[in-house]
Amino acid sequence: MSGPLVVLVGPMGVGKSTVGQLLAGRLGVGYRDTDDDIVAGQGRTVAEIFVDEGETVFRAMEKAAVAGALGEHAGVLALGGGAVLDARTRALLAGRRVVYLSMDVEEAVQRTGLNQARPLLAVNPRKQWRELMEARRSLYEEVATAVVPTDGRTPEEVTRAVLDAVGFTQGSAAIRKVCLDTAAAIGPGRS
């Protein structure tokens, strides 16, 4: 199956972008984030899209961004926290190396402060974060081939745990073979 070497899923603030960039560097592949794709395409932040257009419009943009990235990108791909809400997106993730980066609410508070820039956490952020996780945890677990807890770990420790979870060791022949096979399947210039 062509597409990303590894897909990262998990809640907002879990460190998908940081770990994804570190992971891509270790694997020698490109990094892509579907939220960044949406922001670049729309010329405004995710929060602005939520305020201006509403969650339904954003989710449609997200669904299209994920489908495009899964078909085009051969490196490490990070999905927005709510991408797994869509059944078609979950189906597209089947059979891929998907790692769910997990954390508890106390860790989320320390990392993000559950601030106002997160549109779904604007009122009573702790309660809303817990409710979001109750609704999404089973979906993250459904699509994941591995779960990596991030609580109390540095980004480097999480990156090493992800590599172990997907069966890659730094510099291994397995990584090189998977990278070459993926690049060949995608074609030149499409990472």
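Values in this text are rule-based calculations from the coordinates and carry no lab data. The model shown is predicted, which means the values in this text are computed figures rather than measured ones. Here the Cβ is made from the backbone with ideal geometry for all residues, glycine too, and neighbour counts use every protein chain on show.
With R₀ set to 30 Å, the beta-carbon distance separating S17 from A87 gives a calculated FRET efficiency near 0.75. Full extension of the chain between E156 and A94 yields a length gain of 19.6 nm, computed as 0.36 nm times the residue separation minus the alpha carbon distance. Modelled label positions at A47 and R59, each set 7 Å beyond Cα in the direction of Cβ, lie 2.2 nm from each other. If Lys and Arg each add +1 and Asp and Glu each add -1, what is the summed charge of the other residues whose beta carbon sits under 13 Å from the beta carbon of E53? Summing Lys and Arg as +1 and Asp and Glu as -1 gives -2.
Rounded to the nearest whole Hz, the Karplus-based 3J(HN,Hα) values (6.51 cos²θ - 1.76 cosθ + 1.60, θ = phi - 60°) of the range 28-44 follow the sequence x, 10, x, 10, 9, 10, 5, 5, 5, 4, 5, 4, 5, x, 9, x, 7, with x at glycine and proline.
Taking the Cα centre of each part, how many Å lie between the range 37-67 and the range 150-165? Using only Cα atoms, the two centres lie 29 Å from each other. Which FRET efficiency value, to the nearest 0.05, do you get for E141 and S2 by plugging their Cβ-Cβ distance into 1/(1 + (r/R0)^6) with R0 = 30 Å? Result of the calculation: an efficiency of 0.75.
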